[in-house]
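These notes concern the structure reproduced below.
The values are calculated or read from the model by the stated rules, or taken from the named source; none is laboratory data. Note that this is a predicted model, so its numbers are computed, not measured. Cβ placement follows ideal geometry from the backbone for every residue including glycine, while neighbour counts extend to all protein chains displayed. With ligands, DNA and RNA removed, areas are computed over all heavy atoms of the protein, side chains included. Shrake-Rupley method; radii C 1.70, N 1.55, O 1.52, S 1.80 Å.
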Amino acid sequence: AVMQNSRSMSCSCPSLKLREVVSIYFSMICLFLIILMAALQGSVPRRNDFPYKVPLDPKGLLELSWNVSYPEQVVHFQLFIKYLQFGLLFGMSDRGEFENADLAVLWSDGHNSYFGDAWSDAKGQLHMDSQQDYQLLGARKAHKGLYLLFRRAFSTCDPKDYLIEDGTVHLIYGILEEPVRSLQAINISAIHRGLQRVQLLKPNITIPELPSDMKPMEITAPDIVIPSQETTYWCYMAELPEGFLKHHIVMYEPVITAGNEALVHHMEVFQCAPEFDSFPHYNGPCDSKMKPDRLNYCRHVLAAWAMGAQAFYYPEEAGLAFGGPGSSRYLRLEIHYHNPLVFQGRHDSSGIRLYYTASLRRYDAGIMELGLVYTPVMAIPPGEDSFILTGYCTDKCTQLALPAAGIRIFASQLHTHLAGRKVVTVLSRDGREQQIVNADGHYSPHFQEIRMLKELVAVFPGDELITTCTYNTEDRSRATVGGFGILEEMCVNYVHYYPQTQLELCKSAVDPGYLHRYFNLVNRFNDEDVCTCPQVSVPQQFYSVPWNTFNRDVLKSLYDFAPISMHCNKSSAIRFPGEWEKQLLPTITERLREPVPRCPPTPGPQPAAPIPINLGELRKD
């Protein structure tokens, strides 16, 4: 009995170990699956993890949502397609062209569907990219439509790919309405396509705590009918209540009439000049001859929003003052409607909702204009693909006008007219460039918003703020001069900062005397006469210049070395005391290094082949 017992015991031991091993094995598998699921959930955002959203097409059939991961240097995209036909193109290009574009393409032959990273050449022909950097994460059909989820690194170091940078990104899309045999068979000139501009790389800013006594104020259009034309700027005058005391605006957000999300392109609220006791009521197109001239004196920006932008928050320690003594009660709302499909009878009550508080914060926020003075002495010759003009806020001005503790810039709005292509403002100290305040290498005059900076920029007395604008006038036959007209040009950065100072404008222009010498030189070296008589205006003199290579190069050199006239102005448009004419250009001894794109680790050679997607058979509606 004892022997049998010992045999039975000896037999039972291995089976016990086996159960333990099996248990451990399955535990390890479960743990591995949990880790795997966590990793996948980390790389594939949930549906509610896309804080930014913009309609791509005017009908609202395509909607883009996205988020930004700065640690990973990646953008996650979610495309919603309301009625999928035979696929779509989505991508980016320098200025919204379909040539030389970087594209993610979904296409179908009617039976099978595919997704791939592609690029278009200078003729618009599509090619599969040898480096597949648009990474498909999933496709999900819902009763509302199709959700397509994919990701793209900021920088891929692929010469065929678009570098995603701070500033404006021109997104392009195309809808395939017929089945296609292959990617190469897609004719981009024959498809329904369009363009949308956004700021993809939104700053990762913590929302500040808001005051408990905060109140809303809506400045909205009074149920207007959007004109049945492609572009309309609509102006509406609003009024603060009688006896409205000083308050601080601490945030604002858009109010968009449901159904008009794809038509309301951008909006601004301006406060009028306080020197006028009253302003006429007006509700109509901004370019109408019926618009009272006095509305042109409503130019102090209180709020600005553009499509794709979120709510705007002031830093906890500052607010934008409005109301009270020295502040106008009159406000002008300006809405840009983009209606390319010329919808008729569409009503709209969109606008901006201001949130304000009577509990004043520590600092009043201020707005300062940097760049170039609005003057025709700064001009761009015709036929230029990349002409540069620079405006200066000099050390002499900041030394005189800024407090010893300096100011903190927290937001910026760049501005040019139609020829502007790039804008950048750089902070310089003791001749050495310190940091970029704001830059937009793909700037569009059709997409202007106040952008919160990723970090505060400290500016101290003696610092210089240098704003450079790049222009393209290839489509123009005569010189473009500086001025207020839409076919004239500007180069401005409205910086939002605290604490508010008396300095409202810190800008420059070339010294007029040196420009006069330029016109004399042109006279001497050209057979054609350029009248430099005092009674002939500067624009007329520029219009009569024969724009040969010599005259272009000399003008560029003039702007690069000639002394400047500085405008170091208080809010009353009076200059600070001092000598401001014929000032030498700031000397820069050390420039910022060009950022080197960070290349993501390559997983090894990947075949340039599309990914099959099971979407079932697709049919034409």
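Key figures for this structure:
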item	result
Enumerated strands (runs of 3 or more DSSP E) restricted to the stretch 457-539, each holding at least 1 residues that are under 18 Å from Glu384 (Cβ atoms)	464-471, 503-510
Residues being open to solvent by 10 Å² or more (accessible area, probe 1.4 Å) and polar (S, T, N, Q) - total across the stretch 465-503	7
Residue selected from the stretch 533-554 under the condition among the β-branched types (Val, Ile, Thr) and touching a helix residue (DSSP H, G or I) at 6+ places or on another chain (Cβ under 8 Å), by the criterion surrounded by the fewest Cβ atoms within 10 Å (Cβ to Cβ)	Val554
Residues of the stretch 447-464 satisfying the condition of being more than 22 Å from the chain's Cα centre (by Cα) and either among the β-branched types (Val, Ile, Thr) or open to solvent by less than 10 Å² (accessible area, probe 1.4 Å) (or both)	Val459, Asp463
Matching residues in the stretch 227-254 - criterion: being surrounded by fewer than 17 Cβ atoms within 10 Å (Cβ to Cβ) and within 22 Å of Gly308 (Cα to Cα)	Glu230, Thr231, Tyr233
The stretch 126-159: number of residues that are open to solvent by 20 Å² or more (accessible area, probe 1.4 Å), hydroxyl-bearing (Ser, Thr, Tyr) and within 28 Å of the chain's Cα centre (by Cα)	1
Residue in the stretch 257-274 that is among the acidic types (Asp, Glu), within 20 Å of Arg353 (Cβ to Cβ) and in a loop (DSSP other than H, G, I, E, B) present	yes
Arg197, sole failed condition from (1) assigned to a loop (DSSP other than H, G, I, E, B); (2) closer than 25 Å to Thr425 by Cβ; (3) in contact with a Gly (Cβ under 8 Å, 6 or more places away or on another chain)	(1)
All positions within the stretch 98-111 that are exposed (fewer than 15 other Cβ atoms within 10 Å of the Cβ) and in contact (Cβ under 8 Å) with a residue 60 or more places away in the chain	Gly110, His111
Among the residues listed as Phe77, Phe98, Phe90, the single one being farther than 19 Å from Pro610 by Cα and at pLDDT 95 or above	Phe98
Lone qualifier among Asn526, Asn551, Asn493 - being in the same structural domain as Ala379 (by the TED database) and closer than 30 Å to Ala321 by Cα	Asn493
Where Ala562 falls short, out of the listed (1) surrounded by 12 or more Cβ atoms within 10 Å (Cβ to Cβ); (2) over 33 Å from the mean Cα position of the chain (by Cα); (3) of a type outside the set (Val, Ile, Thr)	(2)
Residue within the stretch 166-182 that is of a type in the set (Lys, Arg), touching a strand residue (DSSP E or B) at 6+ places or on another chain (Cβ under 8 Å), assigned by the TED database to the domain that holds Lys59 and at pLDDT below 95 present	no
Residues within the stretch 111-143 that are in a loop (DSSP other than H, G, I, E, B), touching a Ser or Thr at 6+ places or on another chain (Cβ under 9 Å) and of a type in the set (S, T, N, Q), tallied	1
Among the candidates Lys507, Lys454, Lys422, residue that is of a type in the set (Lys, Arg), at pLDDT 95 or above and closer than 30 Å to Gly319 by Cβ	Lys507
Filtered residue count, the stretch 200-226, keeping only those that are open to solvent by less than 30 Å² (accessible area, probe 1.4 Å) and in a loop (DSSP other than H, G, I, E, B)	7
Within the stretch 607-621, tally of residues that are modelled with pLDDT of 75 or more and surrounded by 14 or more Cβ atoms within 10 Å (Cβ to Cβ)	4
Close pairs from the stretch 193-220: first over 23 Å from Tyr337 (Cβ atoms) and of a type in the set (Val, Ile, Thr), partner in a loop (DSSP other than H, G, I, E, B) and open to solvent by less than 70 Å² (accessible area, probe 1.4 Å), Cβ under 9 Å, at least 6 apart	Ile207/Ala311
Of residues in the stretch 57-85 being open to solvent by 10 Å² or more (accessible area, probe 1.4 Å) and either touching a Cys at 6+ places or on another chain (Cβ under 6 Å) or of a type in the set (A, V, I, L, M, F, W, C) (or both), the one nearest to Ala311 (Cα to Cα)	Val68
Those residues of the stretch 275-328 which are hydroxyl-bearing (Ser, Thr, Tyr) and either outside the structural domain of Val264 (by the TED database) or within 23 Å of the chain's Cα centre (by Cα) (or both), in sequence order	Tyr313, Tyr314
Whichever residue in the stretch 341-399 is surrounded by fewer than 19 Cβ atoms within 10 Å (Cβ to Cβ) and of a type in the set (Gly, Ala, Ser) and, among such residues, is nearest to the chain's Cα centre (by Cα)	Ser386
Tally of residues being under 23 Å from Pro376 (Cβ atoms) and either in contact with a strand residue (DSSP E or B) (Cβ under 7 Å, 6 or more places away or on another chain) or outside any loop (DSSP other than H, G, I, E, B) (or both) across the stretch 559-589	16
Any chance Leu400 is in contact (Cβ under 8 Å) with a residue 24 or more places away in the chain and in a strand (DSSP E or B)	no
Whichever residue in the stretch 170-194 is touching a Leu at 6+ places or on another chain (Cβ under 7 Å) and in a loop (DSSP other than H, G, I, E, B) and, among such residues, is surrounded by the fewest Cβ atoms within 10 Å (Cβ to Cβ)	Ile191
Meets criteria (in contact (Cβ under 8 Å) with a residue 40 or more places away in the chain and crowded, with 16+ Cβ neighbours inside 10 Å) for Ala573	no
